[in-house]
1. In whole Hz and in residue order, list the ³J(HN,Hα) couplings for the range 78-95 that follow from phi through the Karplus curve 6.51 cos²θ - 1.76 cosθ + 1.60, θ = phi - 60°; x for Gly and Pro.
2. Quick check: at a probe of 1.4 Å, how many percent of the accessible area of the range 7-129 sits on carbon and sulfur atoms?
3. Using the heavy atoms of the protein chains alone and a 1.4 angstrom probe, what is the accessible area of the range 2-123 per residue in square angstrom?
4. Nearest 500 deg cm²/dmol is fine: what mean residue ellipticity at 222 nm does the chain get from its DSSP H runs of n ≥ 4 alone, each adding -39,500 (n - 2.57), divided by its residue count?
Amino acid sequence: MTKPVTWWWVRHGPTHAKNMVGWRDLPADISDYAAISRLSDHLPHDAAVISSDLIRATATADAIECKRFRLPHHPDLREFHFGEWDGLGWQEVSERDPNLSRAFWEAPGDHQAPGGESWNQLSARVTAVVDDLNERGHRHIVAVAHFGVILTQIAMAGDMTAYQALGHKIDNLSVTRLDWDGGRWSVGQINHLP
């Protein structure tokens, strides 16, 4: 049995994009210094900090790092790979692939965006990172990532279906706390805005 670990999942700062953003490397707006300060103050100061390797996550992690121990960025903490849908609006995706786009969100699992990945693939790559870090001896981990990434871990920790997890709102600069006691997961808090 591994030691307890508390994960503090932080969604990156806003991109202000009005379309689907997966692996496109858009910057985050982290100009709300008061919100960044409140977020940093809310997080444990003895935590290790890791982020996706996309600039919106790395910049947010840099802004809240303070004197926390920084782990290297990790590409497996990237958002859904939306493939050919990346950069399209929701209506465009619906018109282009009506059946697939509906199944992708309403029956998540193995449905993949064209040239992209499924919920199950996203969940597997993120969970592999989490499982690895749970063995490293950190008591607290702040992980700056993305909407889909955080939802996969809520589903896992809360023993939810993907569809149930997708019903949760995850705001930019919000904190979702998930606790690993060394044998089981529990959900501490979802979408908290400090």
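1. Per residue, the Karplus-derived 3J(HN,Hα) values read 5, 5, 2, 8, 7, x, 5, 7, 4, x, 8, x, 4, 5, 4, 5, 4, 6 Hz.
2. The C+S portion of the solvent-accessible surface of the range 7-129 is 53 percent.
3. With the other protein chains kept in place, the range 2-123 gives 48 Å² per residue.
4. Counting only the DSSP helices, I get -10000 deg cm²/dmol.
The values are calculated or read from the model by the stated rules, or taken from the named source; none is laboratory data. Since the model is a prediction, treat every value here as computed from it, not as a measurement. Accessible surface areas use protein heavy atoms only, side chains included; no ligands, DNA or RNA. Shrake-Rupley method; radii C 1.70, N 1.55, O 1.52, S 1.80 Å.
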